[in-house]
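Asks: Questions regarding the structure given below will be posed in turn.
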Amino acid sequence: MSNKIETVYVAGILTPTKHFSAHPAIDYLLALSELARHSLDVFHAGYDPFCPSLDFLLFIINGTDGKPITEAMIKRYSKTWLRKSDAMVLTPGWQKSKGTLAELKVCLEDDIIVFENVKDLINHKPVTIQTIKRWVEKYS
């Protein structure tokens with residue numbers, strides 16, 4: 001594990017959970033926006049973010065070649081980019097995201113540094129391994 005952080009995976013809610021809105025479609029769009037906004041904050045802080053909410057652009061063209069994109073493919077894609085990242089930063093409400101919990105397990109397996117928010121990333125105050133384990137147990 002390197003102490004120098006350049007690439008940051010931005011994790012949080014994407015699947016509609018009524019976190020932002022009672023309407024699933026609006027909730028999803030607001031979730032996309034939230035992750036993109038936090039990714040922009042990470043970018044302005046001098047890091048290179050991977051924003052999983054922007055991959056929807058790949059998926060909206062799904063089917064044009066007759067090859068459907070599956071949930072398993074999306075999860076593989078996200079985990080590949082997470083494993084290439086130096087760190088992960090969480091966005092508000094991440095506790096409601098099954099995907100983020102799975103990604104936290106990857107961080108534990110691969111020794112990827114986790115920050116609870118962008119401010120902690122900027123101040124280089126990572127979450128402890130014990131805290132991540134406790135979160136995974138509590139929210140899974």
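Asks: Could you identify the single residue in Phe43, Phe59 that is in a helix (DSSP H, G or I) and more than 23 Å from Ile5 (Cα to Cα)? Step through it out loud before you land on a result.
Replies: On the way: Phe43 fails: more than 23 Å from Ile5 (Cα to Cα).
One residue alone meets the criteria, Phe59.
Asks: Might you let me know whether segment 72-87 holds any residue that is within 16 Å of the chain's Cα centre (by Cα), among the acidic types (Asp, Glu) and closer than 21 Å to Lys133 by Cβ?
Replies: yes
Asks: Moving to a separate point now. Take Glu34 and decide whether it is surrounded by fewer than 16 Cβ atoms within 10 Å (Cβ to Cβ), acidic (Asp, Glu) and closer than 30 Å to Lys125 by Cβ. Talk me through it step by step, then tell me what you get.
Replies: Values: surrounded by fewer than 16 Cβ atoms within 10 Å (Cβ to Cβ): no; acidic (Asp, Glu): yes; closer than 30 Å to Lys125 by Cβ: yes.
In short, no.
Asks: If Pro49 satisfies every condition in (1) part of a helix (DSSP H, G or I); (2) closer than 16 Å to Tyr9 by Cβ but one, which is the exception?
Replies: Unmet for Pro49, out of (1) part of a helix (DSSP H, G or I); (2) closer than 16 Å to Tyr9 by Cβ: (1).
Asks: Any residue in segment 71-98 that's more than 19 Å from Thr17 (Cβ to Cβ): show its pairings with residues that are at pLDDT below 95 and not hydrophobic (A, V, I, L, M, F, W, C) at Cβ separation under 8 Å, as long as the two are six or more apart or on different chains.
Replies: These pairs meet every condition: Tyr77/Asp55; Trp81/Pro52; Asp86/Ser2; Asp86/Lys4.
Asks: Name the single residue, out of those in segment 99-140 being touching a residue at least 60 places away in the same chain (Cβ under 8 Å) and acidic (Asp, Glu), that is nearest to Ala72 (Cα to Cα).
Replies: If we take residues in segment 99-140 being touching a residue at least 60 places away in the same chain (Cβ under 8 Å) and acidic (Asp, Glu), then Glu103 is nearest to Ala72 (Cα to Cα).
Asks: Right, next: Residues of segment 83-140 being in contact with a Leu (Cβ under 6 Å, 6 or more places away or on another chain), part of a helix (DSSP H, G or I) and under 16 Å from His38 (Cβ atoms), which ones?
Replies: Glu103
Asks: If you check Lys67, Lys75, which single one turns out to be surrounded by fewer than 15 Cβ atoms within 10 Å (Cβ to Cβ) and in a helix (DSSP H, G or I)? Outline the logic, then answer.
Replies: Values: Lys67 fails: in a helix (DSSP H, G or I).
Only one candidate qualifies: Lys75.
Asks: Hey, another quick one. From the residues in segment 43-70 that are touching a helix residue (DSSP H, G or I) at 6+ places or on another chain (Cβ under 6 Å) and touching a residue at least 12 places away in the same chain (Cβ under 8 Å), which one is farthest from Ile113 (Cα to Cα)? Even if it seems obvious, please write down each step before you answer.
Replies: Going through segment 43-70, the residues touching a helix residue (DSSP H, G or I) at 6+ places or on another chain (Cβ under 6 Å) turn out to be 45, 49-53, 69.
So of that shortlist, the ones also touching a residue at least 12 places away in the same chain (Cβ under 8 Å) come out as 45, 49-53.
Details: Ala45: 17, Pro49: 14, Phe50: 15, Cys51: 17, Pro52: 18, Ser53: 20 Å.
Among those that are touching a helix residue (DSSP H, G or I) at 6+ places or on another chain (Cβ under 6 Å) and touching a residue at least 12 places away in the same chain (Cβ under 8 Å), it is Ser53.
Asks: Spot the failing condition for Leu29; the list is (1) in a helix (DSSP H, G or I); (2) surrounded by fewer than 16 Cβ atoms within 10 Å (Cβ to Cβ); (3) of a type outside the set (D, E, K, R); (4) out of contact with any helix residue (DSSP H, G or I) (no Cβ under 7 Å at 6 or more places or on another chain), and only one is missed.
Replies: Just one mismatch for Leu29, condition (2).
The values are calculated or read from the model by the stated rules, or taken from the named source; none is laboratory data. Every value quoted in this text rests on a predicted model; they were computed, and no experiment measured them. Using ideal geometry, Cβ is built from the backbone for each residue, glycine included, and neighbour counts are taken over all protein chains shown.
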